[in-house]
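Reading through the structure tokens given below for one structure.
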Amino acid sequence: LDRATATFSLTPLMAGFFKKLFNQITNQAEVDWDELEANLIAADLGAKLSTGIVDELYDLGREISAKDVVDVTRKRLSGILPEDSPAPAPRANGKPTVILVVGVNGTGKTTSSAKLGMWLKNRGHSVTLAAADTFRAAAVEQLQRWGDRLGIPVVTGKPNSDPSSVCFKAHEQAIANQTEFLICDTAGRIHTRHNLMEELGKIRRTIAKQDDSAPHLTLLVVDASTGSNALNQAKEFHKASPLDGLIITKLDGSGKGGIAFTIYDQLKITPHFIGTGEEPAEFSIFEKERFVSEVL
Ligand code: GDP
């Protein structure tokens, strides 16, 4: 990972997954189409996308090389995603752009909220963080520590207090201080999914009380290393609370970038940011062409 310049570079592990796939092609006398398809699916590209790639290669009607696989995969993957989403922008009326960060526990939600805060701060914006994951006491402390380290104010509530009230208080402060961005780290207890969705609805309504256009951006955090679970989480959250985009984390580990394409292909939710490590700088805005090149 290129820490010095704070740009992302997916570790050889992930890129290596695809390389291995392509090398297999070159080293085989005859292409095992089923194996190729299974490997694409294993890279989290999903059955539909993988079959499409294999069919197109098959239809070339000649011996295929690793380059053919890369070219066809690149074309297909680039074709799936729309243009890159613009970076979140401050608003002109003195009220903050409110970003809700949602997702199930363990995906990297709290870390990503802090990283996003720093990403915006590094671009000259003022930011407030709201620690609305009040059910996980450690999450509040964790966000507070991040805030101290990054020099970003964190609004907290009492343990077990209503997450909506924390968001309301943070929104009030952000408006009073003319802060450009408010990032709300919400709760993600997986065992009470219904309550979680209800709670997100309540947070949205509470935020809208002080600004009926808010929240402006709802980002779902998914852990790329969880494959189809990430897709299922996206489906479930999207049903309950409209999602504007994704933060895809853990692309530095066993996470395979294919999930970015599968989720867009099935749900039309665009990747906005990616996490490539535990450090604050290991976070970038999602750029399609660059991502495709890194993956391949
Ligand atoms: P939350 O429960 O969703 O709020 O998750 P946390 O933010 O506490 O993150 C869970 C774990 O994942 C922590 O150990 C983080 O350091 C780690 N983590 C978060 N994002 C990334 C990432 O992009 N890469 C890696 N390797 N670890 C990450």
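The values are calculated or read from the model by the stated rules, or taken from the named source; none is laboratory data. None of the values given here were measured: they were computed from a predicted structure. A quick note on method: Cβ atoms are made from the backbone with ideal geometry, for glycine too, and the neighbour counts reach across all protein chains shown.
Exactly one condition in (1) touching a residue at least 12 places away in the same chain (Cβ under 8 Å); (2) of a type outside the set (Ser, Thr, Tyr); (3) more than 15 Å from the ligand (Cβ to nearest atom) is false for Lys268; which is it?
The one condition Lys268 does not meet is (1).
Condition check ((1) more than 16 Å from the ligand (Cβ to nearest atom); (2) outside any helix (DSSP H, G or I); (3) farther than 23 Å from Glu198 by Cα) across all residues:
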{"residue": "Leu246", "(1), (2), (3)": "no, yes, no"}
{"residue": "Ile274", "(1), (2), (3)": "no, yes, yes"}
{"residue": "Glu279", "(1), (2), (3)": "no, yes, yes"}
{"residue": "Phe291", "(1), (2), (3)": "no, no, yes"}
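Only one residue in Asp211, Asp223 is among the acidic types (Asp, Glu), in contact with a strand residue (DSSP E or B) (Cβ under 9 Å, 6 or more places away or on another chain) and farther than 28 Å from Arg91 by Cα. Which one?
From the options Asp211, Asp223, the qualifying one is Asp223.
May I ask you to verify whether Arg74 is surrounded by 15 or more Cβ atoms within 10 Å (Cβ to Cβ) and more than 18 Å from the chain's Cα centre (by Cα)?
Yes.
Within region 233-263, which residues are surrounded by fewer than 21 Cβ atoms within 10 Å (Cβ to Cβ) and modelled with pLDDT of 95 or more?
Of everything in region 233-263, those that are surrounded by fewer than 21 Cβ atoms within 10 Å (Cβ to Cβ) and modelled with pLDDT of 95 or more turn out to be Asp244, Gly245.
Mind listing just one residue for me: the one in region 127-142 that is more than 11 Å from the ligand (Cβ to nearest atom) and touching a strand residue (DSSP E or B) at 6+ places or on another chain (Cβ under 7 Å) and, of those, nearest to Ala89 (Cα to Cα)?
It comes out as Val127.
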